[in-house]
Amino acid sequence: MTSPAGSKLEPIAELRNPGLPLDLPWVNSAQANTSAIERRVATMPRRRSVKKDWQAAWYLKAISCIDLTTIAGDDTNARVQRLCAKARQPVRADILHSLDIPIIHVGAVCVYHDMISAAVEALQETNIPVAAVSTGFPAGLTPFDLRVKEIERSVTAGAKEIDVVISRRLVLEGKWSELYDEIKTFRQACGESRIKVILATGELGTLRNIARTSLIAMMAGADFIKTSTGKENTNATLPVGLVMVRAIRDYFQRTGHNVGFKPAGGISKAKDALIYLTLIKEELGLRWLQPDLFRIGASSLLGDLERQLEHHFIGHYSSNYRHAIS
């Protein structure tokens, strides 16, 4: 299948992905050629490069697509409020002024359920959505009815996006119908809030399983598919990203419905963000380089992006403490 960069994959529908009935023949036909995938992604860091003003523009694009995240056991209201302040102004004013950029903000702020109210309050009068991790995050092993209730309570508390985790055992046991029903129930519980389905790819065993799980999630109505919780031993990787975005491409070409992509976990350097932006542009096209269809789940990445932008401005690197995340 040829790469659909440019106008080949312009969307024909902007409505939220409604999902479709489970199509097991389509799911079972999904394969992944590991050696070909690894060859494809191995070329990207070496020969995809932008410099000077173009590089700064791509850094700014990456910032606008960040889900600025704090999901730690010692989170406090004060920490979340500081994170939200950074989300509202992720780059120092003097750097933005030097680039002739009036304002920029991140794509969303992602927190645990108990921190939703603090985030909503801190982000009032902005259009930055609050995302909440849910469904027994990160393992997803709490009773099913409690996972559904958690979604409903997070929506009621003001979360506009819900990041859900799936039961990995259903993938490993090939129980595709049960997985479809689980995700569809999660989608219904989200109501008007967007659902990001976390595949936890590091625990799914094979790239073929990742391809099939991606299709199942989209058929069940996922607005985004997301690589990882950030808590697995292996999180976002380029081979996994390629498999998932090609599943998104396949789904779009068959249904006309747009589904977003969110790599998460281990993306902490500006150069890594550029590689993922390149992957999206080459495999899905420019439309997917917008925050409603592409997010990067990260916390420390923002500091490096801001530092790189200052380097573009003053010509040398400053100390990390000048770009504190909170």
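Structure summary
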quantity	calculated
Computed helical MRE - 222 nm, the chain, DSSP H runs ≥ 4 contributing -39500 (n - 2.57), nearest 500	-14000 deg cm²/dmol
Approximate spin-label separation SER318-ASN33, in nm, with each point projected 7 Å along Cα-to-Cβ	4.9
Protection proxy ranking, peptides 135-143, 242-250, 26-34, average beta carbon neighbours within 10 Å, highest first	242-250, 135-143, 26-34
Distant-in-sequence amide H partners of ILE162 (H built 1.01 Å from N, under 5 Å)	ALA132, ARG194, ILE195, LYS196
Cross-link partners of LYS269 among lysines (Cα-Cα below 27 Å; sequence separation of 8 or more within a chain)	LYS51, LYS52, LYS61, LYS86, LYS196, LYS226, LYS231, LYS281
Heavy-atom accessible surface of the chain: percent carbon and sulfur, 1.4 Å	52
Positive minus negative residues near GLU203 (Lys, Arg vs Asp, Glu; Cβ under 9 Å)	0
Simple spin-label estimate for GLN124 and SER268 in nanometres, 7 Å along Cα-Cβ	3.6
Answer label for percent of Cα pairs over 36 Å apart (calculated), chosen among (1) 23; (2) 29; (3) 15	(3)
Cα gyration tensor shape of the stretch 243-326, rounded if a/c is under 1.5, else prolate or oblate by comparing a/b with b/c	prolate
Inter-probe distance in nm under a simple model that places probes 7 Å from Cα toward Cβ, at LEU24 and ASP74	5.0
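The values are calculated or read from the model by the stated rules, or taken from the named source; none is laboratory data. Just so it is clear, the model here is predicted, and its values are computed rather than measured. All Cβ positions, even for glycine, are placed from backbone atoms using ideal geometry, and neighbour counts span all protein chains on display. Please note that ligands, DNA and RNA were not included when accessible areas were found on the heavy atoms of the full protein model with its side chains. Shrake-Rupley method; radii C 1.70, N 1.55, O 1.52, S 1.80 Å.
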